[in-house]
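Beneath this line is the structure, given in structure tokens, with notes to follow.
Since every read-out is calculated from the coordinates, none of them should be taken as a lab result. Quick caveat: nothing in here was measured; it's all calculated off a predicted structure. When we count neighbours, we look across all protein chains shown, and the Cβ atoms used for this are built from the backbone with ideal geometry, even at glycine.
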Amino acid sequence: MFVNERRSVSQPCTTTDMSHVMSTQPRRSLFAYIFAKAQFYCVVFVLIPFIFVFQVTVVYPELVKKLKAGIAKQIFHICLISFCFINVVGNLVYSIMMDSTLKRPAFGEGTYCEECRMVRPVRSWHCMQCNVCIMKRDHHCSFLSRCIGLYNQRYFVLFLGHVMLSMIYATYYNYYFVTMKFKDGWALSAFRIINPLLRFVIPEPMGSKDVYLFFLFMNIALIFWSGGLFYWHFKNVVMGVTSYEARFPELKDASRWKQNLLNVFGTKWYLAIIWPMCKSPLPEDAKYV
Ligand SMILES: [Zn+2]
Ligand SMILES: [Zn+2]
């Protein structure tokens, strides 16, 4: 079976020449490359800061005024908003910065990569988009325009988890904000957002209220998007498998869940889950796999 081959194929290391690795380049067209990078920079430097500024400067002050929140409550929510922002952006940026590219041939067991012309560890695979071998390759993320592997899986999974928590929190107070704006109910606006053609039969012009409602819908959609992905990836982490290996039930091992979690989140996992900038070294047996 292919997966058994994958875990057992052994081939001695025959070369330490790095020149072929250095010369590999992404195969995609220039347009696809620029589009992928632009998508990432738009999200990190435009969309997320815009949402953050909108929530802090428009939604938050109105809610404080309306609900007559005390100073302690205000400080609590400012800390919570900052915590969400730091963890979402921090984990996203580190997912990009941490490089899981295979830099040198495997010294022990491995499979031979025809493209890179070197022996790679058993769980490392060649990515056709990145055109390099990735250590403990999980999958190629089109959104990040890069592979998720040994060194950035921690940040990727935590990014999804923090987006989910942040969106649950944002939905909670945006719901109050929207109901405050739509004193006579927001059902008609909701219909118009779902089906823009209804604008011709519902005469009320689109205003800023519709934009607020659109944000609320986006929050809810992002809960499902990030929550679904987080569930899938976290389950694989607990089972000790990559996205590819998850197809093979015999490779899943829930009994080693503690070690499996350490292999992704590192020995300082308790800090990693709340502070993306902290270093959390991976155990030795997580490497070279
Ligand atoms: Zn390769
Ligand atoms: Zn890739």
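Neighbour counts of other C-beta atoms within 10 Å: give me Val237, Val53 arranged from fewest to most. Please list the in-between numbers first.
Details: Val237 19, Val53 10.
Listed from fewest to most nearby Cβ atoms, that is Val53, Val237.
Given only helices, namely DSSP H runs of n ≥ 4 each adding -39500 (n - 2.57), what is the per-residue ellipticity at 222 nm of the chain, to the nearest 500 deg cm²/dmol?
On the way: 11 runs with 148 residues, N = 289.
Calculated at 222 nm, the ellipticity per residue is -16500 deg cm²/dmol.
Angle between the Cα long axis of helix 208-239 and the longest principal axis of the chain, 0 to 90 degrees, nearest 10?
Tilt relative to the chain: about 30 degrees.
Calculate the FRET efficiency for Glu250 and Tyr112 from the Cβ-Cβ distance with a Förster distance of 30 Å, rounded to the nearest 0.05. Numbers along the way, then the final one.
On the way: r = 24 Å, r/R0 = 0.81.
The formula returns an efficiency of 0.80 here.
Ranked highest first by average number of other Cβ atoms within 10 Å, how do 249-257, 214-222 line up?
Working: 249-257: 12.3, 214-222: 16.8.
With the highest mean Cβ count within 10 Å placed first, the list reads 214-222, 249-257.
Using 0.36 nm per residue, how much length does the chain from Phe50 to Met180 gain when fully extended, once their Cα-Cα distance is taken away?
Details: separation 130, 0.36 × 130 = 46.80 nm, distance 2.20 nm.
That works out to 44.6 nm of additional length.
Arranged from highest to lowest average of other beta-carbon atoms within 10 Å per residue, in what order do the peptides 165-173, 74-82, 128-136 appear? Before the final figure, lay out each step's value.
Details: 165-173: 18.6, 74-82: 13.1, 128-136: 20.8.
Highest to lowest by the protection proxy: 128-136, 165-173, 74-82.
How much length is gained if the chain between Phe217 and Asp285 is pulled fully straight, taking 0.36 nm per residue apart and subtracting their Cα-Cα distance, in nm to one decimal? Before the final figure, lay out the partial values.
Values: separation 68, 0.36 × 68 = 24.48 nm, distance 4.35 nm.
My answer for the length gained is 20.1 nm.
Label 7 Å along Cα→Cβ of Val64; the stretch 74-88 residues with amide nitrogen under 12 Å?
74-79
As a quick test, which of the pairs Lys73/Lys268; Lys183/Lys209; Lys66/Lys181; Lys65/Lys181; Lys136/Lys279; Lys103/Lys252 have an alpha carbon distance above 23 angstrom in this structure?
Lys73/Lys268; Lys103/Lys252
Tell me, what is the FRET efficiency for Cys79 and Ile34 to the nearest 0.05, using R0 = 45 angstrom and their Cβ-Cβ distance as r? Show your work: numbers first, answer last.
Values: r = 38 Å, r/R0 = 0.85.
Once the sixth-power term is evaluated, E becomes 0.70.
Find the relative contact order for the chain and round it to a whole percent, using C-alpha pairs within less than 8 Å whose residues are 6+ positions apart.
Numbers: 358 pairs, mean separation 55.7, N = 289.
Normalised by residue count, the contact order of the chain is 19 percent.
For His126, His233, which order do you get if you count the other beta carbons within 10 Å of each Cβ and list the fewest first?
Numbers: His126 19, His233 22.
Fewest-to-most ranking of His126, His233: His126, His233.
Please give the contour-minus-distance gain from Thr57 to Ala72: 0.36 nm per residue of separation, less the Cα-Cα distance, rounded to one decimal in nm. Intermediate results must be reported in sequence, preceding the final value.
Numbers: separation 15, 0.36 × 15 = 5.40 nm, distance 1.88 nm.
Here the segment from Thr57 to Ala72 would lengthen by 3.5 nm.
Please give the FRET efficiency for Tyr41 paired with Arg104, using the beta carbon to beta carbon distance and R0 = 22 Å, rounded to the nearest 0.05.
Working: r = 31 Å, r/R0 = 1.40.
After rounding, the FRET efficiency stands at 0.10.
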